[in-house]
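Accompanying notes for the structure given below.
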Amino acid sequence: MRATLSMALAMSASCLSTGVWANYESGFEGYKRGDYAIAAQEWQGLAEAGHVRAQVGLGWLYLNGRGVAQDDGLARHFFEKAAVQGNVEAQYNLAQLYHNGQGGAQDLVQACHWYEKAALQGSADAQLNLGTLYYNGRGCLKDDEQAIFWFLLAAQQGNALAFTKLDFMYEHGKGVTQDIVQAHKWYHLWGVNGEKLGAQSRDELATRMTPAQLAEAQQLTKEWLAGGP
């Protein structure tokens, strides 16, 4: 996540006006060399003035206690400022804080709201977590079809945890017509990512499948791995 933050901060630097850029860049250079106190000092004023990348950066510093005293409440404060401006990283981080009850009371409704905002912008982790909330009916109204929808989007981005969700959903017919061929595919893909349980579950399921079903599942898996789900 820190690497992601560095990349996102760097990408935004060229979008700033000269004066603001100088202050922001000074903070970013401090961040890169591990001088988090300088980063916090340079970003504080910018963040309070509404600069979205400074808000995200400062949120991370408070969340991790880098250059400032660790403070989940202030992390939530700055992530929320950036989230309402449409920043996907801040939206996901804010959802996580609401989900886990960090920096304030746990609020799964708010977690659902912000996961959805980030999921709609393509965050695979947000899509996975949003699907989980829909499946469990926590924060979002229980809706297995919505769960499947978001799990599939996360899986299409290679999110391995989404494979584990989909194999269960297809095997047991949750939100979708029961389909052991699809379940076998998802178990296999889970196993490809190094999970022994995925391979074991795939092999157990195979004992209940016909040769034709196995052949179809293997073909679907090959197509997925070749880049075409």
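The values are calculated or read from the model by the stated rules, or taken from the named source; none is laboratory data. The structure presented is a predicted model; accordingly, all values stated were derived computationally and were not measured. Every residue, glycine among them, receives a Cβ derived from its backbone with ideal geometry; neighbour counts consider all protein chains shown. Ligands, DNA and RNA are stripped out before the accessible areas are found, and what is left, the full protein with its side chains, is counted by its heavy atoms. Shrake-Rupley method; radii C 1.70, N 1.55, O 1.52, S 1.80 Å.
Need one word for the stretch 40-88: rounded, prolate or oblate. Basis is the Cα gyration tensor (sqrt eigenvalues a ≥ b ≥ c); a/c below 1.5 gives rounded, then a/b vs b/c decides.
oblate
Suppose only helical runs count, i.e. DSSP H with n ≥ 4. What mean residue ellipticity at 222 nm does that imply for the chain under -39500 (n - 2.57) per run, divided by all residues and rounded to the nearest 500 deg cm²/dmol?
Value at 222 nm, helices only, nearest 500: -23000 deg cm²/dmol.
Keeping the other protein chains in place, figure out the carbon and sulfur percent of the accessible area of the chain, with a 1.4 Å probe.
52 percent
Hand me the tally of lysine pairs in the chain: alpha carbons under 16 angstrom apart, and the pair either on different chains or 8 or more positions apart.
Counting lysine pairs in the chain gives 8.
How much length would be gained if the chain were fully extended between residue 168 and residue 193, taking 0.36 nm per residue of separation minus their Cα-Cα distance, in nm to one decimal?
Full extension of this stretch gives 7.3 nm more.
With +1 on each Lys and Arg Cβ and -1 on each Asp and Glu Cβ, and nothing else charged, work out how big the dipole of the chain is about its Cα centre, in Debye to the nearest 20.
About 180 debye.
Could you tally the net charge around residue 42, taking each other residue with its Cβ under 15 Å from the Cβ of residue 42, Lys/Arg +1 and Asp/Glu -1?
0
For the stretch 39-102, what is the accessible area per residue in Å² when the probe is 1.4 Å?
Heavy-atom SASA per residue in the stretch 39-102 reads 35 Å².
Just checking my list (1) 0.98; (2) 1.09; (3) 0.95 against Rg/Rh (Cα atoms, Kirkwood Rh) computed from this structure; which label fits?
Only one option fits the structure, namely (2).
Please state, to two decimals, what the Cα-based radius of gyration of the stretch 82-193 comes to when divided by 2.2 N^0.38 Å (N = residues).
Working it through for the stretch 82-193, the quotient is 1.08.
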